[in-house]
1. For Rg and Dmax of the Cα atoms in Å, the listed values are (i) 16.1, 55; (ii) 15.5, 49; (iii) 24.4, 74; which was obtained by calculation from the structure presented?
2. Could you work out the relative contact order of the stretch 1-67, using alpha carbon pairs under 8 angstrom and six or more residues apart, expressed as a whole percent?
3. If each DSSP helix of 4+ residues adds -39,500 (n - 2.57) and the sum is divided by the residues in the chain, what number results at 222 nm, nearest 500 deg cm²/dmol?
4. Just the accessible area per residue of the chain, please: how many Å² with a 1.4 Å probe?
5. Return the whole-Å distance between the Cα centroid of the stretch 32-76 and the Cα centroid of the stretch 12-27.
6. Please compute the contact order of the stretch 33-87 in relative form: average sequence separation of alpha-carbon pairs under 8 Å and at least six residues apart, divided by the residue count, as a percent.
7. Please give me the summed charge of the neighbours of I52: other residues whose Cβ is under 14 Å from its Cβ, Lys and Arg +1, Asp and Glu -1.
Amino acid sequence: MTASHLLVPVPIPDRIAALIGSCIPAHILRAEFDAACAAREVRRFRGPRLGIEDQADREQALSELARANKVLAAHHPRLVVGPGSPW
């Protein structure tokens, strides 16, 4: 029995990643990419003192993340990306 937090991430060769990607519908791959980019943007705008423009950008990134997560959750609930997740 192994604990999931003890697993070491292993890099996947490009050919294997392409094979896995060819089995997943294109709109799911696009949503996964959009969710990862939006989560990275949300992490950029952290802090207690954000300007009005930064708050607007953060809200925009959160809405893009929610939109992408809706598509991912419809395909499989474990694909959802959180704003603080490492993906």
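The values are calculated or read from the model by the stated rules, or taken from the named source; none is laboratory data. None of these values were measured; they are calculated from a predicted model. Glycine also receives a Cβ, built like all others from the backbone with ideal geometry; neighbour counts cover every protein chain displayed. Quick note on the areas: whole protein, heavy atoms, side chains included, nothing else; ligands and nucleic acids left out. Shrake-Rupley method; radii C 1.70, N 1.55, O 1.52, S 1.80 Å.
1. (ii)
2. Working: 23 pairs, mean separation 21.5, N = 67.
Relative contact order comes out at 32 percent.
3. Details: 3 runs with 53 residues, N = 87.
It lands at -20500 deg cm²/dmol.
4. 82
5. That distance is 25 Å.
6. Values: 51 pairs, mean separation 26.3, N = 55.
48 percent.
7. It works out to a net charge of -2.
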